[in-house]
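Okay, so here's the structure we're looking at.
Quick note: the coordinates plus some simple rules give every number you see, no bench work behind them. Values in this document were obtained by computation on a predicted structure and should not be read as measured data. Every residue, glycine among them, receives a Cβ derived from its backbone with ideal geometry; neighbour counts consider all protein chains shown.
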Amino acid sequence: MQTVALKLVTIIAEAVLEERLIREMKQLGAKGYTIGEVIGQGSRGIRASDWEGKNIRLEVLVSNEVADQILQHIADTYFAHYAVIIYAQDVQVIRSEKYQ
Amino acid sequence: MQTVALKLVTIIAEAVLEERLIREMKQLGAKGYTIGEVIGQGSRGIRASDWEGKNIRLEVLVSNEVADQILQHIADTYFAHYAVIIYAQDVQVIRSEKYQ
Amino acid sequence: MQTVALKLVTIIAEAVLEERLIREMKQLGAKGYTIGEVIGQGSRGIRASDWEGKNIRLEVLVSNEVADQILQHIADTYFAHYAVIIYAQDVQVIRSEKYQ
């Protein structure tokens, strides 16, 4: 079984950001995305009270380079004003043309 | 805390494949599964336009060997005709009889 | 891109345990959580027939130490009587005050 390593980047954000985030993921190089509805509560120090209720969980499978750019973009663009969570994980996918 | 390494295999596919995929996961050795509803968009080069809308996100916790068999089976069976995504991740679970 | 390693701990459990699990996660040190609805089927050897239907998928991002405590707590508290699944994964998050 030949696999290749990619990054799974997960973003948890207010549902109102959905379209904007999808557009930005594509601009940064993601070929596709998956979205699920979640609820949550949390804080990044700022505006803790705002992050409670309907959120989206947006996932993209991307290269290490694109993952870095997405992490940086989300931090730069949203961390100051939105309760956005983002993390990256190593995943193994089947080697194919699909994710190139 | 003694943990053991397993693989979390995630399959994102059209909802119409749900029953068939569950049956195949069990046949390949998965003892259980978790399914969530997601939406998504993407492409593997083929039929990009078909993969948009209601999907399922099917997860199984399995051994490395079963994970390899699932990856291979999904690639062989679905990649030519369905917009199925599959990836595997390393996870730590508590050592117990549960996943043997 | 400076990232820091955390653990993503995922718990899959009967929906009736939601409030109790959230309270316990906070007591054990989680600063936030994300919950999605899932369905599933499985077994840990005991009460296999009970784990089928509506479940929650509860996720927390925590330090290695808190992850260990959560794994141990869930095993000690629930494994004997509930069909709870729990696993931990390594994730990379952006270095910030957020998860400290």
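Worth a mention:
- Packing, taken as the mean count of other beta carbons within 10 Å per residue, orders the peptides B:11-22, C:2-13 from highest to lowest as C:2-13, B:11-22.
- Label-to-label distance, nm, for residues given as residue C:95 and residue C:26 (7 Å Cα→Cβ offset): 3.1
- Rounded to the nearest 20, the Cβ-based charge dipole of the stretch C:3-89 about its Cα centre (Lys and Arg +1, Asp and Glu -1) stands at 80 debye.
- Residue C:36 sits among other residues whose Cβ lies under 14 Å from its own Cβ, and their net charge, with Lys and Arg +1 and Asp and Glu -1, is -2.
- Quick note on the stretch C:3-89: its Rg to Rh ratio, both from C-alpha atoms and Rh being the Kirkwood radius, is 0.96.
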